[in-house]
Amino acid sequence: IIPRVKDQGELFNIDDSLIKQRTNKIKFISPKDREYEMDFEGFTVDRRYFDKYLAKKATDAGAELRMSTKFLSLNKDGVTLDTGEVRGKVIVGADGFKSNVAKMAGMQVEHVLCPCMLGQVDGDFEPTVEMFFGQIAPGGYAWVIPKNDGANVGLGIQKTGNVSLRNMLNDFLKMRKLGDIHDLSAGFVPISGPIPKTVKGNVMIVGDAAGQGLATNGGGIPISMIFGRRAGSIISEHFENKTPLERYEEEWKVNVGPELNNALETKRMADKAFKRNFTLELAMKLMGSKGMEKAVSCKPIFKK
């Protein structure tokens, strides 16, 4: 998906104990249950343990981890937390789509948000990611992502107004005969693409705060990991060799900017088809598996 980024392998070479299932395909299911399939190797993890794994890697490398700590404001010499002042020559805002760090630094943060709900179901599942489209998840999709002891099941929508995500998720579970769901959680995913500026003065913005997620599916963890690491490297180079902090923004725009923009353009086209099951069914039929593969890989759909 992001072929211009080098040295990805080491970053995603995680402990086997964290891998819940290796997958080899993605299957797209239309409103009329037509299936379109593509090869796609990947693996699923348990986010709770994966986040702890990343935190331990950071602290082992010398970072200080402070739990239950709230950011209040930026100041000339660092930040103000609810526990006191912290001095810092460079501030990195990786504080999610609301990003108070970006707002207080004077950077534009106006995300279109997709409400989502997900949970876990027990059972045996094939090593295939399934994505379901249609009015079961208006403007978005529902998913079944296999794990070794069950599956991650959820949906995200764009429809606004008085809707119940829980009711929609229950309907999906019944329709696909997936059984009971547990460990529910809900939240929002930014789907409007990157913010215009991610470096201002001594402040850098990374991840969901910067809109560095794929508008087509809401995925953002790999990109956030890649450019979170690169932001740290550039800060180090800034102190050692006076490398401008703006290098971070230049690099992500060159290395992943085209894919983020392709995903955003694909989403805009898809929004027109998503309004009705009939037009969505027709669009998926015209695209076929090859078109779906281009969309997932963030390539222009109508370019050879």
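A few notes on this one:
- Matching residues in region 293-304 - criterion: being under 19 Å from the mean Cα position of the chain (by Cα) and either farther than 19 Å from GLY213 by Cβ or part of a loop (DSSP other than H, G, I, E, B) (or both): GLU293, SER297, CYS298, LYS299
- Test: residue in region 14-37 that is on the phi > 0 side of the Ramachandran plot and not in a strand (DSSP E or B): yes
- Within region 147-160, considering residues that are more than 18 Å from the chain's Cα centre (by Cα) and not acidic (Asp, Glu), the one farthest from ASP124 (Cα to Cα): THR160
- Within region 147-172, the set of residues being open to solvent by 30 Å² or more (accessible area, probe 1.4 Å) and β-branched (Val, Ile, Thr) comprises THR160, VAL163.
- Count of region 173-196 residues, restricted to those that are in contact with a helix residue (DSSP H, G or I) (Cβ under 7 Å, 6 or more places away or on another chain), assigned to a strand (DSSP E or B) and either open to solvent by 20 Å² or more (accessible area, probe 1.4 Å) or modelled with pLDDT of 90 or more (or both), is 1.
- Residues that are part of a strand (DSSP E or B) and open to solvent by 50 Å² or more (accessible area, probe 1.4 Å) are absent from region 99-112 altogether.
- Scanning region 38-60 for residues that are within 20 Å of the chain's Cα centre (by Cα) and part of a helix (DSSP H, G or I) yields ARG47, ARG48, TYR49, PHE50, ASP51, LYS52, TYR53, LEU54, ALA55.
- Residue among LYS103, LYS89, LYS98, LYS52 that alone is at pLDDT below 90 and out of contact with any helix residue (DSSP H, G or I) (no Cβ under 6 Å at 6 or more places or on another chain): LYS98
- Output for region 126-151, where each listed residue is β-branched (Val, Ile, Thr) and in a strand (DSSP E or B): THR128, VAL129, VAL144, ILE145
Here's the yes/no breakdown for (1) under 18 Å from ALA137 (Cβ atoms); (2) free of Cβ contacts under 8 Å to residues at least 24 places away in the same chain; (3) in contact with a strand residue (DSSP E or B) (Cβ under 7 Å, 6 or more places away or on another chain); (4) not basic (Lys, Arg):
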{"site": "VAL256", "(1), (2), (3), (4)": "no, no, no, yes"}
{"site": "ASN261", "(1), (2), (3), (4)": "no, no, no, yes"}
{"site": "LYS272", "(1), (2), (3), (4)": "yes, yes, no, no"}
{"site": "THR279", "(1), (2), (3), (4)": "yes, yes, no, yes"}
{"site": "ALA283", "(1), (2), (3), (4)": "yes, yes, no, yes"}
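- Enumeration of residues in region 82-98 that are of a type in the set (Gly, Ala, Ser) and part of a loop (DSSP other than H, G, I, E, B): GLY88, ALA94, GLY96
- Residues (surrounded by 15 or more Cβ atoms within 10 Å (Cβ to Cβ) and among the small types (Gly, Ala, Ser)) located in region 3-41: SER30
The values are calculated or read from the model by the stated rules, or taken from the named source; none is laboratory data. Not measured: the values here are computed from a predicted model. For neighbour counting, all protein chains shown are included, and Cβ atoms are generated from backbone atoms with ideal geometry for every residue, glycine included. We work out accessible area using only protein heavy atoms, side chains counted, and drop any ligands, DNA or RNA first. Shrake-Rupley method; radii C 1.70, N 1.55, O 1.52, S 1.80 Å.
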